[in-house]
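Read through the structure below, which is laid out as structure tokens, and then see the notes.
The values are calculated or read from the model by the stated rules, or taken from the named source; none is laboratory data. What you see is a predicted model, and the numbers here were worked out from it, not measured in a lab. Neighbour counts are summed over all protein chains in view; Cβ atoms, including those assigned to glycine, are modelled from backbone coordinates with ideal geometry. The area values use the complete protein model at the heavy-atom level, side chains included, leaving out ligands, DNA and RNA. Shrake-Rupley method; radii C 1.70, N 1.55, O 1.52, S 1.80 Å.
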Amino acid sequence: LATVLTGLRNQPSISLAHLLPEGTPVLLIPALILIETTSLLIRPIALGVRLAANLTAGHLLIQLISTATVALSSTIPAVSVLTFLILLLLTLLEVAVAIIQAYVFVLLLSLYLQENI
């Protein structure tokens, strides 16, 4: 939202030009402006929800497997060691996902800034 407001303040004609492509039929102008404005405002929300969901899912899976590892350690130690190894691999995967999510976040943020500023 801050990038959109900054773009509107610094370059209002260029920012508003993104809402309406050249050559749009006159009848579609009101609907297209409404759709583009909604899309512009929903973008940051969608980015935040996607990042939160991806990171939360990984943490939840790690929590579930670590609980299973602790529960199995007293009853079946061999299976507990196997689940612990799976937990270590999942932690490495979670680190890789976090790096990818950070890259996507920075890339999309820079695209939003470039478009509006």
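Test of understanding: among 29, 33, which residue is at pLDDT 85 or above and within 28 Å of the chain's Cα centre (by Cα)? Quick ask: steps written out before the conclusion?
Numbers: 29 fails: within 28 Å of the chain's Cα centre (by Cα).
33 is the lone residue from the list that is at pLDDT 85 or above and within 28 Å of the chain's Cα centre (by Cα).
Determine which member of the set 83, 75, 56, 67 is more than 30 Å from residue 18 (Cα to Cα), among the polar types (S, T, N, Q) and surrounded by 14 or more Cβ atoms within 10 Å (Cβ to Cβ).
On the way: 75 fails: surrounded by 14 or more Cβ atoms within 10 Å (Cβ to Cβ); 56 fails: surrounded by 14 or more Cβ atoms within 10 Å (Cβ to Cβ); 67 fails: surrounded by 14 or more Cβ atoms within 10 Å (Cβ to Cβ).
Only one candidate qualifies: 83.
If you check residue 103 against the conditions, is it loosely packed, with under 11 Cβ neighbours inside 10 Å and either aromatic (Phe, Trp, Tyr) or at pLDDT 90 or above (or both)? Before the answer, list the steps.
On the way: loosely packed, with under 11 Cβ neighbours inside 10 Å: yes; either aromatic (Phe, Trp, Tyr) or at pLDDT 90 or above (or both): yes.
Considered against the rule, which asks whether it is loosely packed, with under 11 Cβ neighbours inside 10 Å and either aromatic (Phe, Trp, Tyr) or at pLDDT 90 or above (or both), residue 103 comes out as yes.
Note down all Cβ pairs under 6 Å where the first residue falls in the range 43-66 and is within 17 Å of residue 89 (Cα to Cα) and assigned to a helix (DSSP H, G or I), the second is aliphatic (A, V, I, L, M) and open to solvent by 40 Å² or more (accessible area, probe 1.4 Å), and they're at least six residues apart or on different chains.
58/97
Exactly one condition in (1) open to solvent by 50 Å² or more (accessible area, probe 1.4 Å); (2) closer than 28 Å to residue 1 by Cβ; (3) assigned to a helix (DSSP H, G or I) is not met by residue 108; state its number.
(1)
Being of a type in the set (S, T, N, Q) and farther than 21 Å from residue 116 by Cα is the requirement here; does residue 66 meet it?
It is true that residue 66 is of a type in the set (S, T, N, Q) and farther than 21 Å from residue 116 by Cα.
Does the range 82-101 contain any residue that is touching a residue at least 40 places away in the same chain (Cβ under 8 Å) and of a type outside the set (S, T, N, Q)?
Narrowing the range 82-101 to residues touching a residue at least 40 places away in the same chain (Cβ under 8 Å): 97-98, 101.
Now restrict to residues that are of a type outside the set (S, T, N, Q): 97-98.
Yes, the range 82-101 contains at least one residue that is touching a residue at least 40 places away in the same chain (Cβ under 8 Å) and of a type outside the set (S, T, N, Q).
Mind counting the residues in the range 15-40 that are assigned to a helix (DSSP H, G or I), open to solvent by less than 90 Å² (accessible area, probe 1.4 Å) and either among the hydrophobic types (A, V, I, L, M, F, W, C) or under 30 Å from residue 80 (Cβ atoms) (or both)?
Total satisfying the criteria: 6.
Take the range 44-88 and flag every residue that is in contact with an Asp or Glu (Cβ under 7 Å, 6 or more places away or on another chain) and of a type in the set (Val, Ile, Thr). Reasoning before the result, please.
Here is the first cut: in the range 44-88, the residues in contact with an Asp or Glu (Cβ under 7 Å, 6 or more places away or on another chain) are 58, 62.
Of everything in the range 44-88, just one residue is in contact with an Asp or Glu (Cβ under 7 Å, 6 or more places away or on another chain) and of a type in the set (Val, Ile, Thr), namely 62.
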